[in-house]
1. Could you order the peptides 55-63, 132-140 from most to least packed, using the average number of other C-beta atoms within 10 Å per residue?
2. Past the 29 Å Cα-Cα mark, which pairs from 57/141; 28/99; 56/141; 99/162?
3. Check residue 87: other-chain or 5+ apart residues with amide H under 5 Å from its amide H, H built from backbone geometry?
4. With the crude spin-label approximation of a point 7 Å out along Cα→Cβ, what separation in nm comes out for residue 143 versus residue 52?
Amino acid sequence: AKREGEKDVLVHPLEDWLQHASVGRRAKARRKKEEEEEPPKADMFNTPAKPFAPHKKFEGRSENEPMSADELAKYRGQDGPGSPIAFAVRGKVFDVSEKHDSYGPDGGYSVLAGRECARALALLSLKEEDANGDLEGLPEKNLKALADWEGIFRKKYPIVGKLVE
């Protein structure tokens, strides 16, 4: 093999391979260093590396603290930006106050706020009649969709209570 720009100089194949291997090792070390320095990126659902902090209204609440449906209904963001918003998925109450633009009264997902919404998530529905916890009769694919949504919410939003009858 000849090196570019050189005439009649033969390069041993092993020397050529060693040069390429060295470049590969340097690139791999550079990528590793960049990965260590960069904070984790959000996924396609803009899931932050760690959950949002709870709204001041929910500070100090544990995941198992009981919350009635009547209390949950108060958290629909109706008092404007900055007001608390929550919804429940299979009894777990998520504080979604950080996303007032999505879950507040004028948001595209406002139908979910202030209520148990497992069925709506399983059906990928924004119909008010589907915003409830009735999962009876749903096929496995819908229950899988619900589990996926629940996983996303667990990563993104703090759980601030447990819905009780």
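Derivation of every value follows stated rules applied to the coordinates shown; laboratory data play no part. All values reported here derive from a predicted model rather than from experimental measurement. A quick note on method: Cβ atoms are made from the backbone with ideal geometry, for glycine too, and the neighbour counts reach across all protein chains shown.
1. 55-63, 132-140
2. 57/141; 28/99; 56/141
3. Answer set, sorted by chain and number: 94, 96, 114.
4. Placing both labels 7 Å along Cα→Cβ, they lie 3.0 nm apart.
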